[in-house]
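Trainee: Could you have a look at this structure, given as C-alpha cells, before my questions?
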Amino acid sequence: IVALPLLSQAWPLSARPPNTWPGSYTAKVEALALLQSFNADLLSHDSATLTLERWCGAHAMAAPAKITAHVVSGAQAPLPDDLRERLKLARGEKIKYRQVELRCGDHTLSIADNWYVPLRLTRAMNRQLDTTTMPFGKVVQPLHFRRQTLSSEMLWSPLPEGWEMSPPESAPTQEPLTIPPRILQHRAILYSGTNVPFSAVRETYTDQVLRFARQP
C-alpha cells in the first residue's frame, strides 16, 4: 500500500458519518490511489481470497481477519460462451455454478460468480463446496492453481477521466464522497498445477473495500 498524504482538515473526523470518505479533492486522490493499489494487489496474486484476507487484516476491518463465503441460495447464471471455450469442456461434461458473497466480519468485500468443473476437482473439494462456507480459493489450494486474468475493469473512479490535466478543485465541500455499491470487476480462469482449466470466475468488488475506520 502506498503512503498517502493526510486528509484535509476541512471536515473533522469526529463530525463525519462513520466509515465515510469526505468529498474533498485530496480525499478523492487518496481513494483513487488506494483503489489502484488494491487492484494491483489482486492482479499480482493467484488467490483473490487470500488477498482480501490480507486487505481486511491490514485495515483492521475484522478480528480475526478471516474471509468466509456466504452462498447465495438459488442463484443461477449461464456460463458465457467465451469462458466455456476457455474451460475446454468435453461434450456432456458437467459444469456447476456457485455465487458467493465473500465477507470479512460485517463487510461484504466481493460478490463472486464461479463456474467450475466438478470432475476436475477431488471428491473432498466438491464436498466442501457443497456443504461448507469455505471460499473456493481455499478449497482448491491443494491443486496449486494459477490464475489467468482475462479482464480488470474499474467500475468507478472518484475523479473524472483527465483529472490530472485539470486544475484541482479549490472550493471546500462538506458533502461525503459518494461511492457506488460496485467499484471493480475481474474475470479470470483458474488452472491447476498441471495446466488444466477447472474454473471461470467473475469477481465484483464492493464499496466495502474502502469502508474502514480511517485516521485523520
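Trainee: From Cα pairs below 8 angstrom and at least 6 apart in sequence, can you work out the relative contact order of the chain, rounded to a whole percent?
Mentor: Across the chain, relative contact order equals 27 percent.
Trainee: Search the structure for amide H atoms under 5 Å from the amide H of Ser110, placed 1.01 Å from N in the peptide plane, and list their residues when 5 or more places away or on another chain.
Mentor: So Ser110 has HN proximity to Leu102, Thr206.
Trainee: Still on this structure, I have one more. State in Å² the accessible area per residue of the chain; use a 1.4 Å probe, count heavy atoms of protein chains only, and round to the nearest integer.
Mentor: Spelled out: the 1.4 Å probe surface of the chain, per residue, equals 53 Å².
Trainee: Lysine pairs in the chain with alpha-carbon atoms under 26 Å apart, 8 or more places apart or on different chains: how many are there?
Mentor: 6
Trainee: Another question about this same structure. Using only Cα atoms and rounding to the nearest 10 degrees, what angle (0 to 90) does helix 48-58 make with the longest principal axis of the chain?
Mentor: 30
Trainee: Please report, in whole Å³, the volume per residue of the convex hull around the C-alpha atoms of region 90-151.
Mentor: 116
Trainee: Given region 36-96, what whole percent of its Cα pairs are spread farther than 16 Å?
Mentor: Working: 1188 of 1830 pairs.
Across region 36-96, Cα pairs with separations above 16 Å total 65 percent.
Trainee: Next up: Mean residue ellipticity at 222 nm from the helices of the chain, using -39,500 (n - 2.57) per DSSP H segment of n ≥ 4 over the full residue count, to the nearest 500 deg cm²/dmol?
Mentor: Values: 5 runs with 50 residues, N = 216.
After summing the helix terms and dividing by the residues of the chain, the value is -7000 deg cm²/dmol.
Trainee: Would you mind putting 155-161, 72-78 in packing order, based on average other-beta-carbon counts within 10 Å, highest first?
Mentor: Numbers: 155-161: 13.3, 72-78: 9.4.
Listed from highest to lowest mean packing, they are 155-161, 72-78.
Trainee: Summarise the accessible area of region 56-213 (1.4 Å probe, protein heavy atoms) by the percent that is carbon and sulfur.
Mentor: 51
Trainee: Going out from 0 in 10 Å bins, what whole percent of all Cα-Cα distances in the chain drops into each bin?
Mentor: So the P(r) values, bin by bin, are 7, 31, 32, 18, 10, 3, 0.
Trainee: At Thr133 and Ala60, where each label point lies 7 Å from the Cα along Cα→Cβ, what is the point-to-point distance in nanometres?
Mentor: For the pair Thr133/Ala60, the computed spacing is 2.5 nm.
The values are calculated or read from the model by the stated rules, or taken from the named source; none is laboratory data. Just so it is clear, the structure is predicted and the values come from calculations on it, not from any experiment. Positions of Cβ are backbone-derived with ideal geometry, glycine not excepted, and every protein chain shown enters the neighbour counts. For accessibility, only protein heavy atoms count, side chains too; no ligands or nucleic acids. Shrake-Rupley method; radii C 1.70, N 1.55, O 1.52, S 1.80 Å.
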